[in-house]
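Accompanying notes for the structure given below.
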Amino acid sequence: MTASEPIGILGGTFDPVHFGHLRLAEEAADGLGLSRVLLIPAALPNLRARPGTEAQHRLTMVRLAVQGNPRLAVDDRELKREGMSYTVDTLVELRSELGATSPFFLILGADAFLRLPAWSRWLELFELTHIAVATRPGYDLDGALGTSGELKGQWEARRVPEPVACAGLPSGRIVRLPIPLLQISATDLRARMSRAKSVRYLLPPAVVDYIAAQRLYVTE
């Protein structure tokens, strides 16, 4: 990965990582013309509950999930950093390492995008990255944004119709990323596994085997 190649950033607790995460990363790589997508497990997310699974297990599962796919890579910097995991800090670090001209795309689901004003130093994100908002067929993002508010203003000022409009720019734009409907929930997966229900074909086989070997998500 060189400083000029466009990269995607996909964060999450990945508790556990599943095919929904991986398919989103693949769609982003294709739809945005990315050379690489970095999957970045969070240590202590600011706006959701603390992960119930130890960081090392979550990191191992993500590494198992992406093995053999040269477009997907795992970045463990947030697990090494003390305290809360703030995306803006991660982007600042990546900018320092890869330079000011590398195009970045922060990949967010629509729900996460709508909560953006609650993020730490959220307006700084636009100085560091483009934002790709993953939306499913029929989802009305304009309607969900409402008619006013600072996020609505940013959306109207920064949105572009196609990723090609971001060419040559390292940051500052918002683009939709249409994705197929693939509803897999980590919460549902954890509930299924706690009841000893099968999760095969919802997770990569290597992750399913690791979970079984480590007896993760088992309710004693």
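Where a number appears in this text, it was derived from the coordinates with a stated rule and is not lab data. Predicted model only: the values in this text are computed from it and were never measured. All Cβ positions, even for glycine, are placed from backbone atoms using ideal geometry, and neighbour counts span all protein chains on display.
Would you mind getting me the FRET efficiency between Y139 and W119? Use the beta-carbon distance for r and R0 = 35 Å, nearest 0.05. Write out the running numbers ahead of the final one.
Numbers: r = 21 Å, r/R0 = 0.59.
In this case the efficiency is close to 0.95.
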Each label point is 7 Å from the Cα along the Cα-to-Cβ direction; what then is the distance between the points at T101 and R23, in nm? 3.8
Assigning unit charges at the beta carbon (Lys, Arg +1; Asp, Glu -1) and nothing else, what dipole magnitude in debye, to the nearest 20, does the chain show about its Cα centre? 540
Which residues' amide hydrogens lie under 5 Å from the amide hydrogen of I174, considering only partners 5 or more residues apart or on another chain, with H built in the peptide plane? I131, R159, V160
Name the residues of segment 14-53 whose amide N is less than 16 Å from a point 7 angstrom out from the Cα of Y201 along the C-beta direction? 19-20
I need the phi-derived Karplus couplings for segment 101-112: 6.51 cos²θ - 1.76 cosθ + 1.60, θ = phi - 60°, integer Hz, Gly and Pro marked x. 9, 5, x, 10, 10, 7, 9, 10, x, 4, 4, 5
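Counting Lys and Arg as +1 and Asp and Glu as -1, what is the net charge of the other residues whose Cβ lies under 13 Å from the Cβ of G52? Please list the in-between numbers first.
On the way: positive: R48, R50, R58, R190; negative: D15, E54.
My count for the surroundings of G52 gives +2.
With n ≥ 4 as the cut-off for DSSP H runs, can you work out [θ] at 222 nm for the chain, using -39500 (n - 2.57) per run divided by the number of residues, rounded to the nearest 500?
Numbers: 10 runs with 84 residues, N = 220.
Calculated from helices alone, the mean residue ellipticity at 222 nm is -10500 deg cm²/dmol.
Grab the Cα-Cα distance for D89 and Q183, subtract it from 0.36 nm times how many residues apart they are, and report the gain in nm with one decimal. Please report the intermediate quantities before stating the final value.
Working: separation 94, 0.36 × 94 = 33.84 nm, distance 2.98 nm.
Between D89 and Q183, full extension yields 30.9 nm more.
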Say R0 is 25 Å: what FRET efficiency, to the nearest 0.05, do R36 and V218 get from their beta-carbon distance? 0.15
Using 7 Å Cα-to-Cβ label points, what is the K152/E127 separation (nm, one decimal)? 2.7
When Rg/Rh (Cα atoms, Kirkwood Rh) is calculated directly from the model, which label among (i) 0.92; (ii) 0.96; (iii) 1.06 fits? (ii)
